[in-house]
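For reference, the structure discussed in these notes is given below.
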Amino acid sequence: MNLRPEAVELRLVEMPLRSPFETSFGVEHHRQCVLVRLRGDGWEGWGECVAGSSPGYSYETTSTAWHILVDFLLPPLFREPRIGIERYRARDIGIRGHPMARAAVEMALWDAEGHIEGKSLQALVGGSGARVSVGVSVGIQANPETLVEVVARYVDEGYRRVKLKIKPGRDRGDVQAVRRAFPDLPLQVDANSAYRLEEAATLQALDEFGLLMIEQPLDDDDLVDHSRLQRMLKTPLCLDESLLSARHARHALEIGACRILNLKAGRLGGLSEAVAAHDVGLALGAPVWCGGMLETGIGRASNLALASLPGFTLPADLSATDRYYERDVIRQRFVLNPDSTIDVPTEPGLGVDVDFGELDRVTVKKEVFSS
């Protein structure tokens, strides 16, 4: 399919979060991201680069992504006589690293292809089902008592799975407080690489709480020490930051570095690689789930389509729109259903409509490029 664009629009947007979100590497009050809009002859497609304003979760930032997009990823789109998802992937493989920037363009191509073919993104990637099971991610709070209050609010709203962010000094006490308040709640924790193998005893102490998983406790580039740690724990380890490709996912499972995979299309370089990593998990019998990056509705729609693939058997970190934002840049709002699910968009492409008034309001920078 020829998806050669006539124009590409980049926007840096900054959206205030409803409440601060604290992890082991810092606190976010606003969410920045880069949005990509491809426009061709009678078609358009939207993509979202999930890199943030600072290099905490990843070395990629909105500034580096803008540079990679403008100087390396967008020019070939105009030079090629014909471009499509597979041809784009073949070219983008020649760029080392920067998966979030690469994934944004690929998402826009998937969206465009869906509109041209009249198919939803879910149908294009091979997903099924009207709804996706979801949970909520809760940042580090001032103290365990406040954390229990915050979790209680989300449970009252209908979330049936909760993930707690942890770091050294804010781990066992927080988990114990929440577990005592909610003895039957499916609960997991995420360390965002805050621990070292020498601190294994601290993580072993979490085994008593019946957690679904401990996510990414060790370094973001590590597999070997995770495999050692997994042998010390009853609780399954899940890898996030360490998985940059389907190949990494296979390596992690084969050496026992984890038992569960967190798949994010942005971290993996695009939906195509995320689907391939999902297939690895399915083939090796490892459950997978879809993590979130505080996306706008554009990225959230893409994640919901991905999470509808059959291997995604654990609740996704894809909470309702109003979990994070008062207003979004799309007209639709993703709403939590009573069974702790969110509906998967069924309209062509991403299945969402951009609210240009709100988008203009939160746009910090905008550039348009043409052939």
Worksheet item: What relative contact order, as a whole-number percentage, does segment 304-353 give when Cα pairs under 8 Å and 6 or more residues apart are counted?
Response: 36 percent
Practice prompt. Rounded to the nearest 10 degrees, what's the angle between the helix 297-306 long axis and the longest principal axis of the chain, both from Cα atoms, 0 to 90?
Written response: 70 degrees
Worksheet entry | Structure-based [θ]222 nm, the chain - -39500 (n - 2.57) summed over DSSP H runs of at least 4, per residue, nearest 500 | -9500 deg cm²/dmol
Fill in: Under DSSP loop assignment and at most 16 Cβ neighbours within 10 Å, longest GluC sites (Glu not before Pro)-free interval of the chain
7-325
Worksheet item: Where does the charge balance sit around Gly351 when Lys and Arg score +1, Asp and Glu -1, over other residues with C-beta under 12 Å from its C-beta?
Response: -1
Discussion item. Taking the Cα centroid of segment 179-256 and of segment 274-299, what is the distance between the two, rounded to the nearest whole Å?
Written reply: 17 Å
Worksheet item: Restricting attention to segment 158-250, which chymotrypsin sites (Phe, Trp or Tyr not before Pro) occupy a DSSP loop and are surrounded by at most 10 other Cβ atoms within 10 Å?
Response: none
Worksheet item: Taking a ≥ b ≥ c as the square roots of the eigenvalues of the Cα gyration tensor of segment 97-160, is the shape rounded (a/c under 1.5), prolate (a/b larger than b/c) or oblate?
Response: oblate
Discussion item. Please report Rg (one decimal) and Dmax (integer) in Å for the Cα set of segment 259-299.
Written reply: 10.6, 32
Worksheet item: Cβ under 11 Å from Arg131's Cβ, Arg131 left aside: what net charge do those residues give with Lys, Arg +1 and Asp, Glu -1?
Response: -2
Worksheet item: Can you pick out the pairs among Lys119/Lys264; Lys167/Lys366; Lys264/Lys365; Lys165/Lys264; Lys163/Lys264; Lys163/Lys365 whose Cα atoms lie more than 28 Å from each other?
Response: Lys167/Lys366; Lys163/Lys365
Worksheet item: In square angstrom, what is the accessible area per residue of the chain with a 1.4 angstrom probe?
Response: 39 Å²
Practice prompt. Determine the share of segment 28-179's accessible area contributed by carbon and sulfur atoms, expressed in whole percent, with a 1.4 angstrom probe.
Written response: 48 percent
Practice prompt. Could you check what % of the DSSP bridge pairs in the chain are antiparallel, to the nearest 5?
Written response: 60 percent
Practice prompt. Could you work out the local net charge near Glu199, counting Lys and Arg as +1, Asp and Glu as -1, over the other residues with Cβ closer than 14 Å to its Cβ?
Written response: 0
Worksheet item: Which whole-number percent gives the relative contact order of the chain, counting Cα pairs below 8 Å spaced six or more residues apart?
Response: 22 percent
Worksheet entry | Förster radius 22 Å - calculated FRET efficiency between Lys366 and Arg331 (Cβ-Cβ, nearest 0.05) | 0.65
Response to the item:
Shape call for segment 144-302, from the Cα gyration tensor axes a ≥ b ≥ c (a/c under 1.5 means rounded, otherwise prolate when a/b beats b/c, else oblate), comes out oblate
Response to the item:
Note on segment 249-313: contact order normalised by length, alpha-carbon pairs under 8 Å, 6 or more apart, percent, works out to 35 percent
Worksheet item: Which longest uninterrupted range of the chain lacks any trypsin sites (Lys or Arg not before Pro) assigned by DSSP to a loop state (not H, G, I, E or B) and surrounded by at most 13 other Cβ atoms within 10 Å?
Response: 97-233
Practice prompt. Note down, for segment 48-157, the three equivalent ellipsoid semi-axes (square root of 5 times each alpha carbon gyration tensor eigenvalue), biggest first, whole angstrom.
Written response: 35, 23, 9
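The values are calculated or read from the model by the stated rules, or taken from the named source; none is laboratory data. A quick note: this is a predicted structure, and the numbers were derived from the prediction, not measured. Here the Cβ is made from the backbone with ideal geometry for all residues, glycine too, and neighbour counts use every protein chain on show. The area values use the complete protein model at the heavy-atom level, side chains included, leaving out ligands, DNA and RNA. Shrake-Rupley method; radii C 1.70, N 1.55, O 1.52, S 1.80 Å.
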